[in-house]
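Undergrad: Below you will find the structure I want to go over with you.
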Amino acid sequence: MSDRGTGPVREERGPEPAPAAPRQWQTDMLSDLFRYPLDAGYADAAAARRKHGPLPAGTRRVRRIVTVVACLIIGVLFSVAYLQVVERAPGRATARAGLIRDIQQRQEHTDALARRAEALQAEVFELREEALADSSLGQLREVEAAAGMRKVTGDGVVVTMADGPNAAGERLAQVLDVDLQLVTNALWASGAEAISVNGQRLTAATPIRAAGSAIVVGNAHVISPYEVAAIGPPDMADRFNETETASVYRAYADDKQYEMRFDVDERDDLELPAAVMPRLRYATVPQPSPSGSPSPSTSPSGGGK
Amino acid sequence: MIAVLALIAGVVLGVVLNPTVPDALQPYLPIAVVAALDAVFGGVRAKLDGIFDDKQFVISFISNVLVAAFIVYLGDKLGVGSQLSIGVVVVLGVRIFGNVAAIRRRLFKA
């Protein structure tokens, strides 16, 4: 080895230093590291061989075998490390796929439950129609249709709203819960008799609200594009188009900054599903009164609402 | 030559056997690879320089891996695991680079 280092502990050495001399640790370790990447032991061993002659053949053979074993181990280490890295990558993908599968399963479950609720509701209607007299039946149907508790068909308009193309980064380009609220309110004001948003029928008590970044209508998540379908009188489309809300959203649709989609189409034979029956808060199952005739009972506090 | 064959045989063996690494040892695997690479390139360079020594090679490999693993272990216990890992990788990386540069000079005279 040549003279090493610029450290304070300088060692006087000739151009061919005596390799057997004990190596000294010097303070300038980093520059040493950069200049002599090879382990100094190799040079020492070579010098020792020069000095004392080659090792006995037996020792050499044993050491060669140990080297081969070490190389074998290194090879195994490399491939194992590589396999570990490769193995861990699909682990993330499987977790993701599992989550997606979970979501789909839950969604199917929810759909099945919703279908079941619908079927049960239809059954309830049937049973009730059997039980009720004809005169009160017609009245009941009308009231139910107005309240959103009965499937209705008719002509009306469909207002389609969708997020703008750059909605992912630009919040202004997103359709928010407020937008749906304003549009449905404008539709009610224009004479709509029944409204649904993406197949979710609105009742007087159906909230349209934001849950995180999603919009929830009643109990269901709805995603863009939003189809607000309304059944109403023939002049409803014109009245809606004249409202402030419609002109504001039309401006948003044309604005380069938002590019929100906003279309109003007149459509015939719309079919709006019934809303899921809300939990009854005040009505209770009538108890047979002492006189024996069942009387509908509503609690006094709920009667006025 | 036989060492290179042993290295290749080791890689094949690892792929064929595909042993499962215990979770406790997994953090040390990458650093052990870097340490082993340092020993391998040091050995190749020494071979080309004509001063290869079996004992030195084996001892440098074992001590490199052990010291690197120990430093990572210590770093984990002290809460500076990633920083110390970087230190190990930098030092060994510098040595690997230097040795590869020397090998390159010797092989391509450039």
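Undergrad: When a/c reaches 1.5 or more, the comparison of a/b and b/c decides; with that in mind, is chain A rounded, prolate or oblate per its Cα gyration tensor? Provide the component values of the computation, followed by the final result.
TA: Details: a/c = 4.73, a/b = 2.93, b/c = 1.61.
Prolate.
Undergrad: Angle check, please: helix A:57-131 long axis (alpha carbons) against the longest principal axis of chain A (alpha carbons), in degrees 0 to 90, nearest 10.
TA: Its long axis makes an angle of about 0 degrees.
Undergrad: Mean separation of Cα pairs under 8 Å and 6+ residues apart, divided by the residue count of chain A: what relative contact order is that in percent? Provide the component values of the computation, followed by the final result.
TA: Working: 329 pairs, mean separation 52.7, N = 305.
Reported relative contact order: 17 percent.
Undergrad: Any chance you could give the angle, 0 to 90 degrees and rounded to 10, that helix B:54-78 forms with the longest Cα principal axis of chain B?
TA: Long axis of B:54-78 versus the principal axis of chain B: about 20 degrees.
Undergrad: Which of B:ASN99, B:ASN18, B:ASN64 moves the most in a Gaussian network model of chain B with Cα springs under 10 Å?
TA: Among B:ASN99, B:ASN18, B:ASN64, the largest mean-square fluctuation in the Gaussian network model of chain B belongs to B:ASN18.
Undergrad: Counting Lys and Arg as +1 and Asp and Glu as -1, each charge on the Cβ, what is the dipole of chain B about the Cα centre in debye, to the nearest 20?
TA: Details: 9 positive and 6 negative charges, 106 e Å.
Dipole of chain B, to the nearest 20 debye: 520 debye.
Undergrad: Add +1 for every Lys or Arg and -1 for every Asp or Glu among the other residues with Cβ under 13 Å from the Cβ of A:GLY232, and state the total. Don't jump to the answer; show the numbers that get you there.
TA: Working: positive: A:ARG239, A:ARG267; negative: A:ASP155, A:GLU193, A:ASP235, A:ASP238, A:GLU266, A:ASP268.
Around A:GLY232, the surrounding residues sum to -4.
Undergrad: Tell me the net charge near B:PHE97. Cut-off is 14 Å between Cβ atoms, B:PHE97 excluded, with +1 for each Lys or Arg and -1 for each Asp or Glu. All intermediate terms of the calculation are to be shown ahead of the outcome.
TA: Values: positive: A:ARG35, B:ARG45, B:ARG95, B:ARG104, B:ARG105; negative: B:ASP38.
Value of the local net charge: +4.
Undergrad: So how tilted is helix A:177-189 from the main axis of chain A? Cα-based, degrees 0 to 90, rounded to 10.
TA: Its long axis makes an angle of about 10 degrees.
Undergrad: From other protein chains only, count the Cβ atoms within 10 Å of every residue's Cβ in B:1-11, then give the mean.
TA: Numbers: counts 0, 5, 7, 2, 4, 10, 9, 3, 5, 13, 9.
Mean shielding count: 6.
Undergrad: So, one more: Can you compute the modelled spin-label distance between A:SER136 and B:ARG104, with each label point 7 Å from Cα toward Cβ, in nm?
TA: 9.5 nm
Undergrad: Please state the charge dipole magnitude for the protein assembly as shown, taken about the Cα centre, from unit charges on C-beta atoms (+1 on K and R, -1 on D and E), reported in debye and rounded to the nearest 20.
TA: 4180 debye
Undergrad: Run the paramagnetic zone check for A:LEU113: 7 angstrom along Cα to Cβ, then residues of the range A:210-232 with backbone nitrogen under 12 Å.
TA: The answer is A:219-220, whose backbone nitrogens lie closer than 12 Å to the label point.
Undergrad: Still on this model: Compute the distance in nm between two label points, each set 7 Å from the Cα along the Cα-to-Cβ direction, one at A:ALA97 and one at A:ARG281.
TA: 4.8 nm
Undergrad: Hey, if you put +1 on the Cβ of every Lys and Arg and -1 on every Asp and Glu Cβ in chain A, which of A:VAL68, A:GLY212, A:SER190 ends up farthest toward the positive end of that dipole?
TA: Positive-most Cα among the choices belongs to A:VAL68.
Undergrad: May I pose another question? Once a ≥ b ≥ c are taken as the square roots of the eigenvalues of the Cα gyration tensor of the range B:49-110, is the result rounded (a/c under 1.5), prolate (a/b larger than b/c) or oblate (a/b not larger than b/c)?
TA: Working: a/c = 6.87, a/b = 1.81, b/c = 3.79.
It comes out oblate by the Cα gyration axes.
Undergrad: Cross-link candidates for B:LYS77: which lysines have Cα within less than 28 Å, leaving aside residues fewer than 8 places away along the same chain?
TA: Answer for B:LYS77, where 28 Å is the Cα cut-off: none of the lysines qualify.
Undergrad: Report the accessible surface area buried between chains A and B, summing both sides, using a 1.4 Å probe on protein heavy atoms only, in Å² rounded to the nearest 100. Don't skip to the end; give the middle numbers.
TA: On the way: alone 21730 and 7910 Å², together 26180 Å².
Looking at A and B, the buried total is near 3500 Å².
Undergrad: For the protein assembly as shown, what does the accessible surface come to per residue with a 1.4 Å probe? Please give it in Å².
TA: Working: 26180 Å² over 415 residues.
Accessible area per residue: 63 Å².
Undergrad: In straight Cα distance, which lysines are under 27 Å from B:LYS109, not counting same-chain residues fewer than 8 positions off?
TA: In chain and number order, the partners are B:LYS47.
Undergrad: Quote to one decimal, in nm, the extra length available between B:PHE70 and B:ASP49 on full extension: 0.36 nm per residue of separation minus the C-alpha distance between them. Show your work: numbers first, answer last.
TA: Values: separation 21, 0.36 × 21 = 7.56 nm, distance 3.09 nm.
My answer for the length gained is 4.5 nm.
Undergrad: Give, as ranges by residue number, the residues of the range A:148-164 whose backbone N falls under 18 Å from the point 7 Å along Cα→Cβ of A:GLU266.
TA: Answer for this model: A:154-160.
Undergrad: Here is a follow-up. Taking the Cα of B:VAL15, stepping 7 Å toward and past its beta carbon, and measuring to each backbone N in the range A:39-81: which are under 14 Å?
TA: A:75-81, by backbone N distance to the label point.
Undergrad: Once a ≥ b ≥ c are taken as the square roots of the eigenvalues of the Cα gyration tensor of chain B, is the result rounded (a/c under 1.5), prolate (a/b larger than b/c) or oblate (a/b not larger than b/c)? Kindly include the intermediate steps, with their values, before the conclusion.
TA: Details: a/c = 2.29, a/b = 1.38, b/c = 1.66.
Taking the square roots of the gyration eigenvalues as a ≥ b ≥ c, chain B is oblate.
Undergrad: Which percent of the accessible area of the range A:78-124 is formed by carbon and sulfur heavy atoms (probe 1.4 angstrom)? Walk me through the intermediate numbers first.
TA: Numbers: 2290 of 3880 Å².
The computed percentage sits at 59.
The values are calculated or read from the model by the stated rules, or taken from the named source; none is laboratory data. This structure is a prediction, so every number in the text was calculated from the model and none was measured. Every residue, glycine as well, gets a Cβ built from its backbone with ideal geometry; the counts of neighbours run over all protein chains shown. The area values use the complete protein model at the heavy-atom level, side chains included, leaving out ligands, DNA and RNA. Shrake-Rupley method; radii C 1.70, N 1.55, O 1.52, S 1.80 Å.
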